[in-house]
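Here's the structure, in structure tokens; my notes come after.
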Amino acid sequence: MMNNQYESLKKSFESFKNKIPYKPDLCIVLGSGLGIFLDDKKIDMEIKYNDIVDMPVSTVDGHNGSFVFLKSFGKKIVCMNGRVHFYEGYDMYDVVRPIRLIHMMGVNNIILTNAAGGVNKKFSAGDLMLIRDHISQFVKSPLIGKNIDELGDRFPDMSNVYSKDMINIAKSVAKLNKIKLREGVYLQFTGPNYETPTEVKFARKIGADAVGMSTVVEAMVAKHMNMNILGISLITNMAAGIKKTKLSHDEVKKTAKESSEKFVSLINGIIKNI
Ligand code: HPA
């Protein structure tokens, strides 16, 4: 795959580009349990990952995933409903393929969302956290391999991955709607296992506020392509060792469901104001 990455990407794009209804203004990547955002929306078009050539298909929860096109507050939006994770066994190149396809649709603004474990002891389950910066060094960079010069530089700058403008919009929306919003650093581990208490302590020591198994590699390729990026974590549980309870995917989904209302109102407010 190494030298044919761009060819394969173009093949993927060619296989569905005729179905794209319009050039979206914004992409929203919906994390675990956050597909709820779509519940009250009128869908214009859905393109299943299954129907896209060379597209990796998620193995989690029987959620195959799709690109969902819709309009909201006058904005044209494409949602990535379902993502694939490195822990599912895909090459990192395939994990970030949908993000690159989004860019090929002409999209320049992207909101990445995820469910995450709280590392900062001031956080609680149910909190929303804006991602101010990230730590990527525990996962393989998706930019390893021959650089795709058509998409971006060989050595992209990561000084400002997350857009200050979008962070400010999110903060003012939160203030207006009285939504408590945390801000912090997200660290991606590979998963699929949750961390040990010592790994969580380590994450805290090196500056992380939340840990998860996605998002960072997506942000890296999005930044490589010079997109405007906003990252939002829903803290679904405190990370290992902080509370006595055992961690489980069921708990993650339960908290995501319980906090869905404020998550959706934050996203809706951002869409309105972007
Ligand atoms: N660790 C890693 N990923 C997660 C967690 C966690 O505690 N909660 C939700 N995703």
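Observations, loosely collected:
- Evaluating Ile267 against the criteria (1) more than 18 Å from the chain's Cα centre (by Cα); (2) within 21 Å of Asp39 (Cβ to Cβ); (3) of a type in the set (A, V, I, L, M, F, W, C) leaves one unmet condition, (1).
- Boolean, Ala222 is closer than 17 Å to Leu26 by Cα and either in contact (Cβ under 8 Å) with a residue 12 or more places away in the chain or aromatic (Phe, Trp, Tyr) (or both): yes
- Residue that is surrounded by fewer than 18 Cβ atoms within 10 Å (Cβ to Cβ), closer than 25 Å to Lys257 by Cα and within 16 Å of the ligand (Cβ to nearest atom), where the choices are Asn177, Asn120, Asn193: Asn193
- Boolean, Met166 is part of a helix (DSSP H, G or I) and away from the ligand (no atom under 16 Å from the Cβ): yes
- The condition of being at pLDDT below 95, of a type outside the set (Gly, Ala, Ser) and within 11 Å of the ligand (Cβ to nearest atom) holds for Thr236.
- Filter pass, Gly207 being away from the ligand (no atom under 15 Å from the Cβ) and modelled with pLDDT of 95 or more: yes
For (1) without any contact (Cβ under 8 Å) to a residue 40 or more places away in the chain; (2) at negative phi, each residue gets a yes or a no:
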| site | (1), (2) |
| --- | --- |
| Val29 | no, yes |
| Glu46 | yes, yes |
| Ser58 | yes, yes |
| Gly65 | yes, no |
| Lys76 | no, yes |
| His85 | no, yes |
| Tyr90 | yes, yes |
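- Of the set (1) open to solvent by 20 Å² or more (accessible area, probe 1.4 Å); (2) in contact (Cβ under 8 Å) with a residue 40 or more places away in the chain, all apply to Gln137 but (2).
- Pair list, Cβ under 7 Å, 6 or more apart: the stretch 8-21 residue over 20 Å from Tyr93 (Cα atoms), other residue aromatic (Phe, Trp, Tyr): Pro21/Phe69
- Test: residue in the stretch 197-205 that is open to solvent by 10 Å² or more (accessible area, probe 1.4 Å), out of contact with any helix residue (DSSP H, G or I) (no Cβ under 8 Å at 6 or more places or on another chain), among the small types (Gly, Ala, Ser) and touching a residue at least 12 places away in the same chain (Cβ under 8 Å): no
The values are calculated or read from the model by the stated rules, or taken from the named source; none is laboratory data. Remember, predicted model here, so these are calculated numbers, not experimental data. Note: ideal-geometry Cβ built from the backbone for every residue, glycine included; neighbour counts use all protein chains shown. Remember, those area values only see protein heavy atoms, side chains included, never the ligands or the DNA or RNA. Shrake-Rupley method; radii C 1.70, N 1.55, O 1.52, S 1.80 Å.
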